[in-house]
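The structure under discussion appears below in the form of structure tokens.
The values are calculated or read from the model by the stated rules, or taken from the named source; none is laboratory data. Note that this is a predicted model, so its numbers are computed, not measured. FYI the Cβ positions are ideal-geometry reconstructions off the backbone, even for glycines, and counts take in every protein chain you see. Each accessible area value is taken on the protein alone, full model and side chains, heavy atoms only, with ligands, DNA and RNA left out. Shrake-Rupley method; radii C 1.70, N 1.55, O 1.52, S 1.80 Å.
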Amino acid sequence: LGPAEWQAVRLSVRVAFWATVVSLPLGIFVAYALARWNFWGKQLPSRIVHLPLILPPVVTGYLLLSTLGRRGPVGEVLDAWFGIVLSFRWTGAAVAAAIMAFPLMVRAIKLAIEAVDPKLEAAASTLGFGPKRKIAQFGDLGMVGINPVIGQWQARGVEKPRLAAQRTQHPRTFL
């Protein structure tokens with residue numbers, strides 16, 4: 001590959017990295033809320049999350065540009081107060097990638113959270129995982145089902161040598 005191709009690869013990796021970093025924590029929170037919490041109007045947030053999948057990509061792009069552009073309501077504030085310009089820059093591409101991938105991420109993580117039995121969480125709370133350790137409980141139990149989903153968002157061709165060596169020694173063990 002030439003220098004121009006490597007520049008395109010670096011740009012793609014940069015956009016994908018920041019889109020994932022920005023959207024993953026919010027995606028886990030929204031998926032957990034949709035999977036575990038019962039509240040009035042639960043369908044409305046679910047429908048809003050899935051809007052980028054329902055709308056044509058041109059409409060989504062137009063809405064993003066008209067909202068986040070320099071003359072848009074959010075873009076104008078970002079530019080005037082913080083000097084942040086999103087339109088036609090790599091940051092805008094990262095925001096667009098995050099918004100377009102967000103429904104897919106939320107759906108996959110929500111299904112993984114729903115696969116964890118709430119009775120396991122209740123049993124863990126009887127063993128000392130009280131309200132103060134709720135996040136630790138989610139990390140211990142909830143992440144068991146979510147880790148494979150998050151792993152799908154990583155590059156598929158890249159594998160840590162440590163894991164490859166462990167798979168050769170113990171073919172039935174996956175960490």
Given a Förster distance of 30 angstrom, what is the FRET efficiency for ALA123 paired with PHE29, based on the Cβ-Cβ distance and rounded to 0.05?
0.80
Where the only charges are on Cβ atoms (+1 Lys, Arg; -1 Asp, Glu), what is the dipole of the stretch 2-118 about its Cα centre, to the nearest 20 debye?
100 debye
Filter the chymotrypsin sites (Phe, Trp or Tyr not before Pro) in the stretch 3-49 down to the DSSP loop ones having no more than 15 other Cβ atoms within 10 Å, then list what survives.
TRP37, PHE39, TRP40
Let me see the P(r) profile for the stretch 47-121: every Cα-Cα distance counted, bins of 10 Å, each bin given as a percent of all pairs.
18, 38, 25, 13, 7, 0
Roughly how much of THR91 is accessible, in Å² to the nearest 10, using a 1.4 Å probe?
40 Å²
Which order do VAL74, VAL22, VAL49 take when ranked by solvent-accessible area (1.4 Å probe, heavy atoms of all protein chains), largest first?
VAL22, VAL74, VAL49
